[in-house]
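> Okay, handing you the structure first.
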Amino acid sequence: MNIPDVIDRSPMTRFQVMVVALCLVMNVVEGFDILVMAFAASGVAAEWHLTASQVGLLLSSGLIGMALGSALVAPLADRIGRRPLTLACLAVATVGMFLSALTTGGVQLGLCRVLTGIGVGGVIASLPVIIAEYSSRRGRGTSTAFFAVGLPLGGVVGGTIAALVTAGYGWRATVLLGAALSPATTILARMRIAPLEALPAPVDRAATGVGRNVLRGRNGIRSVLLWMAFFCLFAATYFAGSWTPRLLEQSGLSTQQGISGGILLNAGGVVGVLIVAALALRVAVNKLAVVALLLGAVAFGLMTMALGSLAATMAAAVLVGLLVNANGALLYAVAPSLYPVSVRTTAVGWALAVGRVGAIVAPLVAGALVDAGWSGRGLFGLFVVPLVVAAVAIAGVAVVGRRPDELQRTNERPTVST
């Protein structure tokens with residue numbers, strides 16, 4: 001019996017669903033870790049008298065760590081296994097969150113956010129690969145898309161807690177809560193994650209190496225287009241996630257209304273991911289991604305017109321969150337399918353690392369433009385452009401196409417005979 005072929009053909013079992021659910025829980029906590037700084041930014045800026053540019057740098061520091069984690073740490077999973085790397089990265093993220101609450105200045109906090117980001121980046125690159133390898137062929141796109149609901153759900157939880165906790169206890173209490181959630185997730189993962197790294201049989205690295213399957217020929221063109229899509233999408237997503245609360249304040253809303261807008265943005269993201277997870281059962285994820293990216297550009301345009309009206313702004317925030325997070329889910333589903341299992345975590349990790357560069361640049365650019373006098377309308381209008389570019393890039397992935405032998409190699413799984 002060939003176990004991977006049976007997994008591909010059979011309905012999802014309770015154990016497989018449990019693996020997907022555990023990955024979702026970990027993504028929720030990591031989403032909290034990523035977005036908690038956006039909700040704490042006003043308190044941090046007030047305590048240390050930071051400028052908008054300094055706040056932008058602080059918001060980007062965690063993303064710098066995530067880029068390092070995705071590019072340098074995540075590829076180790078293809079060598080030492082997904083489970084030990086996931087546990088180690090969760091521990092690193094926990095330490096970073098705890099130390100963040102003890103900092104006394106912006107530089108210290110920035111360095112702790114980099115450390116947290118390294119752990120988060122290593123985890124996030126491995127989880128969609130684990131899901132793809134545990135899911136049946138029919139349910140793979142939906143499971144991977146559903147996993148992405150964790151990021152906006154973590155933002156909803158983080159924003160709700162931030163609104164309650166920060167007002168009474170300050171921003172440090174929210175960060176400490178994130179540290180407490182991270183150890184709990186580490187313990188749960190240690191108990192429940194199955195040792196996936198024990199399944200694959202030895203592979204011929206010369207035939208399935210990174211150069212051949214990621215960087216050369218048609219594969220290289222597809223990889224570059226995928227990197228462009230991740231860069232542009234993450235730039236728009238992390239601009240919206242990081243700056244929406246403060247930009248809403250600057251447009252005339254109160255601090256609590258700004259936080260509410262951030263919460264609604266992430267709540268919309270939860271709905272968006274659930275929608276695309278259902279659609280992925282019937283429509284190819286790359287086609288869904290192109291349409292959703294273009295609709296995301298429209299949503300950013302609507303936000304430029306909505307600012308200034310409380311009801312319209314909140315509705316636009318929901319729509320923006322719905323579409324950018326739906327696109328994140330779709331790209332997470334597209335990326336693993338392009339590469340064979342022997343280099344999958346490395347390839348996905350690199351794509352995410354390029355995306356993190358966009359996520360790093362966007363808050364910095366936004367902070368500099370705010371200091372230069374740009375309004376929220378101008379900034380949301382500016383970020384329409386990367387979403388359109390991302391749509392063109394994903395359409396290009398399909399245009400490049402794959403030969404039949406490449407399709408067979410991409411869909412291969414580690415085989416275990418019993």
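> Filter the range 365-418 down to the residues that are of a type in the set (A, V, I, L, M), modelled with pLDDT under 85 and part of a helix (DSSP H, G or I), then identify the one that is farthest from D78 (Cα to Cα).
Start the filter on the range 365-418 by keeping residues that are of a type in the set (A, V, I, L, M), which leaves 365-366, 368-370, 372, 379, 382, 384-385, 387-395, 397-400, 407, 416.
Filter again for modelled with pLDDT under 85, leaving 398-400, 407, 416.
Still in the running and part of a helix (DSSP H, G or I): 398-400, 407.
On the way: A398: 27, V399: 29, V400: 27, L407: 21 Å.
Step by step, filter the range 365-418, then rank; the result is V399.
> Report, ordered by the first and then the second residue, all pairs with beta carbons closer than 8 Å, sequence separation of six or more or different chains, a first member in the range 235-252 that is surrounded by fewer than 24 Cβ atoms within 10 Å (Cβ to Cβ), and a second member that is among the β-branched types (V, I, T) and part of a helix (DSSP H, G or I).
From residues that are surrounded by fewer than 24 Cβ atoms within 10 Å (Cβ to Cβ), the pairs are E249/T255; Q250/V370; S251/T313.
> Within the group A292, A326, which residue is under 18 Å from I394 (Cβ atoms), crowded, with 24+ Cβ neighbours inside 10 Å and free of Cβ contacts under 8 Å to residues at least 40 places away in the same chain?
Values: A326 fails: free of Cβ contacts under 8 Å to residues at least 40 places away in the same chain.
After applying the criteria, what remains is A292.
> Within the bounds of the range 124-140, is there any residue that is out of contact with any helix residue (DSSP H, G or I) (no Cβ under 7 Å at 6 or more places or on another chain) and farther than 17 Å from R356 by Cβ? Working first, answer last.
Quick first cut of the range 124-140, residues out of contact with any helix residue (DSSP H, G or I) (no Cβ under 7 Å at 6 or more places or on another chain) only: 138-139.
Adding the requirement that they be farther than 17 Å from R356 by Cβ leaves 138-139.
Yes, the range 124-140 contains a residue that is out of contact with any helix residue (DSSP H, G or I) (no Cβ under 7 Å at 6 or more places or on another chain) and farther than 17 Å from R356 by Cβ.
> Still on this structure, please answer the following. Only one of V28, V44, V55, V17 is over 20 Å from the mean Cα position of the chain (by Cα), surrounded by fewer than 24 Cβ atoms within 10 Å (Cβ to Cβ), touching a residue at least 60 places away in the same chain (Cβ under 8 Å) and assigned to a helix (DSSP H, G or I); which? Steps first, please.
Working: V28 fails: over 20 Å from the mean Cα position of the chain (by Cα); V55 fails: surrounded by fewer than 24 Cβ atoms within 10 Å (Cβ to Cβ); V17 fails: touching a residue at least 60 places away in the same chain (Cβ under 8 Å).
The match here is V44.
> Mind checking whether some residue in the range 253-263 is crowded, with 24+ Cβ neighbours inside 10 Å, closer than 18 Å to G62 by Cβ and out of contact with any His (no Cβ under 7 Å at 6 or more places or on another chain)?
Looking for residues that are crowded, with 24+ Cβ neighbours inside 10 Å, closer than 18 Å to G62 by Cβ and out of contact with any His (no Cβ under 7 Å at 6 or more places or on another chain), one finds at least one in the range 253-263, hence yes.
> Restricting attention to the range 311-352, which residues are among the small types (G, A, S) and closer than 30 Å to I259 by Cβ? Spell out how you get there, then give the answer.
Step one: of the range 311-352, the residues among the small types (G, A, S) are 311-312, 315-317, 321, 326, 328-329, 333, 335, 337, 342, 347, 349, 351.
Residues satisfying the conditions are A311, A312, A315, A316, A317, G321, A326, G328, A329.
> Of (1) at pLDDT 85 or above; (2) touching a Lys or Arg at 6+ places or on another chain (Cβ under 6 Å); (3) closer than 22 Å to V354 by Cβ, A67 satisfies all except one. Which?
The failed condition is (1).
> Scan (1) surrounded by 24 or more Cβ atoms within 10 Å (Cβ to Cβ); (2) in a helix (DSSP H, G or I) for the single condition Y339 breaks and write down its number.
All conditions are met except number (2).
The values are calculated or read from the model by the stated rules, or taken from the named source; none is laboratory data. Please read all numbers here as calculations on a predicted model, not as lab measurements. Every residue, glycine among them, receives a Cβ derived from its backbone with ideal geometry; neighbour counts consider all protein chains shown.
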